[in-house]
Amino acid sequence: MMSDFSTYQVSLPTRLRFGPGSLGDLAAEAAPFGTRAFVMLDPFLKGSSLEARVLRDLEGAGIGARLWHDIVPNPRAATCDRAAAEAIAQGATTIIAIGGGSTMDAAKAVSLAVTNGGPCWDFTTRRDAVVRVPERRGLPLIAVPTNAGTGAEITPFAVLSNPDLHLKATIIHPFCFPDVALIDPDLHLTKLPRLTASTGIDTFLHAFEGYVGTRPNTWTDLFSIRAMELVAQYLPRACAEPGDREARIRMAEACYMAGITLGNIGVGIPHALGQALGALKDTPHGESCAACLIPTIRWTLPEAGDRLARVATILDPGLAGLPVDRAAAALPDRLTAFFARIGLTGGFGALGLREDEIDLLVDIAERNYGQDIACSRRKANTAGLRAIVRDSL
Ligand SMILES: [Fe+2]
């Protein structure tokens, strides 16, 4: 008999437009928002045929475009402030973000800063800091992801970094939901295996961490389980053959499904520690979070066995029918094998963390990602987190 049911709400204000070739719908999607688009693109798209096509399509629809490429992984809050000033000078009516999670997150911050004023960093959530709450919706935002990873196209979060403070922190607000997520998996076909693995494992983590945490519900379970199934089946294929169109389509679906889980119930310890590592070492997001996944599972095992067992059977259907504790205990080995198939094998040590930096890393995680740490079924104190990090080296 169920005794721990909690109320929940469903929030999905972003309109989703999905499918191969859907980039061709961008101008039609942008037209209702106005005639001046501030287009933020990943730097690698500068001068590309994709950029030329977008400009041509927007121009054909009577929309003037100002391009912005000054975005780095783990986007800087100060850079977003400069972009917002450019957008204001342009008189932008719409923000269009074409790129990975960093570009989409930066665009969300810019969208808010244009209508509310900056600096963007003031909107981020940090322990012992007063969060500035945006009073106005941002400029309309269309998000066009160029890989399957963060799910930023469909979440209310924008992760920013502040290198001066060695911090990454997140803007968490419904105004950060993009107005439109335009997902064209054909844009993912050229991604190299390492990036495909690093971003694709982020999708898996969003689904997984929500599913085994304290806040899942019937609705998010639908998306979590399906997303993990799709990643298990198609991420190795996308890594092995970047041009595998079916694999790219299914991974793009997994990404937005996991993004729905993420946007509604959050993540857990792997993201808290992985984000902290990213702040400290400027490491890739997905790899950083994945690097502590198995130690976190070992540590969490006593409290989340039933759900861990379900995940284990997703990765290895041959485990179905085993007692829950045995199936759950098999999960670390199955994940190790899965990581090897997609070419991700490093821990925190391989990503540059030294033993004498463990306490600092945990302090950054506790100061900035307490809400994620709190989502763990097994409650983690500082000593517990340090043990997980030590096991992750
Ligand atoms: Fe993530």
Taking residue 157 and the conditions (1) surrounded by fewer than 24 Cβ atoms within 10 Å (Cβ to Cβ); (2) modelled with pLDDT under 90; (3) under 18 Å from the mean Cα position of the chain (by Cα), which numbered condition does it fall short on, given that it satisfies the others?
(2)
Is it the case that residue 254 is aliphatic (A, V, I, L, M), at pLDDT below 95 and open to solvent by less than 20 Å² (accessible area, probe 1.4 Å)?
no
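If you go through the stretch 330-384, how many residues are in contact (Cβ under 8 Å) with a residue 24 or more places away in the chain and either outside the structural domain of residue 213 (by TED's automatic domain parsing) or part of a loop (DSSP other than H, G, I, E, B) (or both)?
Here the count works out to 17.
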Does the stretch 279-296 contain at least one residue that is part of a helix (DSSP H, G or I), more than 21 Å from residue 343 (Cα to Cα) and open to solvent by less than 10 Å² (accessible area, probe 1.4 Å)?
no
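Per-residue answers, yes or no, for (1) surrounded by 15 or more Cβ atoms within 10 Å (Cβ to Cβ); (2) within 24 Å of residue 200 (Cα to Cα); (3) of a type in the set (Asp, Glu):
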site: 52; (1), (2), (3): no, no, no
site: 55; (1), (2), (3): yes, no, no
site: 63; (1), (2), (3): yes, no, no
site: 66; (1), (2), (3): yes, no, no
site: 69; (1), (2), (3): yes, yes, no
site: 76; (1), (2), (3): yes, yes, no
site: 84; (1), (2), (3): yes, no, no
site: 94; (1), (2), (3): yes, no, no
site: 104; (1), (2), (3): yes, yes, no
Please verify whether the stretch 143-153 includes one or more residues that are assigned to a helix (DSSP H, G or I) and open to solvent by less than 10 Å² (accessible area, probe 1.4 Å).
yes
Assuming residue 171 fulfils every condition listed in (1) outside any helix (DSSP H, G or I); (2) more than 16 Å from the ligand (Cβ to nearest atom) apart from one, which condition is it?
(2)
Determine, yes or no, whether residue 315 is in contact (Cβ under 8 Å) with a residue 60 or more places away in the chain, crowded, with 23+ Cβ neighbours inside 10 Å and away from the ligand (no atom under 16 Å from the Cβ).
no
Which strands (runs of 3 or more DSSP E) does the stretch 35-142 wholly contain that include 3 or more residues that are β-branched (Val, Ile, Thr)?
94-99
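The values are calculated or read from the model by the stated rules, or taken from the named source; none is laboratory data. Keep in mind it's a predicted model, so treat the numbers as computed, not measured. In this analysis, Cβ positions are derived from the backbone assuming ideal geometry, glycine residues included, and neighbour counts consider all displayed protein chains. Surface accessibility is based on the protein's heavy atoms, side chains included, excluding ligands, DNA and RNA. Shrake-Rupley method; radii C 1.70, N 1.55, O 1.52, S 1.80 Å.
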